[in-house]
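Heads up, the thing below is written out as structure tokens.
The values are calculated or read from the model by the stated rules, or taken from the named source; none is laboratory data. What you see is a predicted model; the values in this text were computed from it and never measured. Note that each Cβ is placed from the backbone with ideal geometry, even for glycine, and that neighbours are counted across all protein chains shown.
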Amino acid sequence: MNNDIEYRGLYFNEATEKRVMDIIVDNLHSGNRLRFFYGDVEKYWLEEYEMMGTIGKSTGSQPIPLLITSKRSIGGGGILTHRIQMITIDKTVVYKNPNFVIKDFEIKEATSELNEKELFSSVYYEGVNVANFETQEKAEKWVKFMTGKSNRK
């Protein structure tokens with residue numbers, strides 16, 4: 001059972017939004033670096049890796065869109081197109097599922113156990129500790145990255 005559909009020369013999961021397919025096809029081999037925010041409408045997955053790059057395509061009879069991480073890459077992984085909730089190009093939102101919300105992150109002083117490992121700032125998302133850092137500044141940079149306000153951690 002194949003759940004893929006052909007759209008403008010690429011194959012996508014049938015649950016992919018048309019606007020997402022348009023953005024991906026329009027940016028195929030453009031050199032533009034896109035950033036994908038994956039999740040379900042009610043839950044941001046907090047993906048930190050393999051979510052930013054240029055668009056390429058696989059070979060074969062049913063080519064799928066690939067995320068090419070850098071200019072030095074010669075290939076990439078398939079894009080989970082049906083799980084994309086937001087897309088940015090150079091920190092500009094070009095697509096956002098209207099029901100998708102990135103909730104506020106909270107930065108707190110790390111617990112004494114983490115302080116012993118020289119990790120002094122903890123980041124919480126929806127009440128769950130999702131990352132720990134050596135400094136408040138690094139924690140703040142990571143939050144900016146995860147919210148799309150920066151493309152560097």
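Quick notes
- Residue match in the stretch 88-95 (condition: touching a residue at least 60 places away in the same chain (Cβ under 8 Å) and loosely packed, with under 13 Cβ neighbours inside 10 Å): yes
- At least 3 residues being surrounded by 15 or more Cβ atoms within 10 Å (Cβ to Cβ) is the threshold, and among the strands (runs of 3 or more DSSP E) wholly inside the stretch 1-71 those reaching it are 10-13, 34-40, 52-57, 65-68.
Residue by residue, here is whether (1) more than 22 Å from MET146 (Cβ to Cβ); (2) without any contact (Cβ under 8 Å) to a residue 12 or more places away in the chain; (3) assigned by TED's automatic domain parsing to the domain that holds ARG8 holds:
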residue	(1), (2), (3)
MET21	yes, no, yes
ASN32	no, no, yes
GLU47	no, yes, yes
THR81	no, no, yes
MET86	no, no, yes
SER112	yes, yes, no
GLU116	yes, yes, no
LEU119	no, no, no
VAL123	no, no, no
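- Per-region count, the stretch 7-33, residues farther than 19 Å from GLY75 by Cα and of a type in the set (S, T, N, Q): 2
- All positions within the stretch 96-116 that are surrounded by 12 or more Cβ atoms within 10 Å (Cβ to Cβ), under 19 Å from the mean Cα position of the chain (by Cα) and among the polar types (S, T, N, Q): ASN97
- Filter result (in a strand (DSSP E or B) and surrounded by 12 or more Cβ atoms within 10 Å (Cβ to Cβ)) within the stretch 117-153: SER121, SER122, VAL123, TYR124, TYR125, ASN129, VAL130, ALA131, ASN132, PHE133
Okay, residues lined up against (1) in contact with a Leu (Cβ under 9 Å, 6 or more places away or on another chain); (2) at negative phi:
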position: SER70; (1), (2): no, yes
position: GLY76; (1), (2): yes, yes
position: ILE79; (1), (2): yes, yes
position: MET86; (1), (2): no, yes
position: LYS91; (1), (2): no, no
position: VAL94; (1), (2): yes, yes
position: PHE100; (1), (2): no, yes
position: ILE107; (1), (2): no, yes
position: ALA110; (1), (2): yes, yes
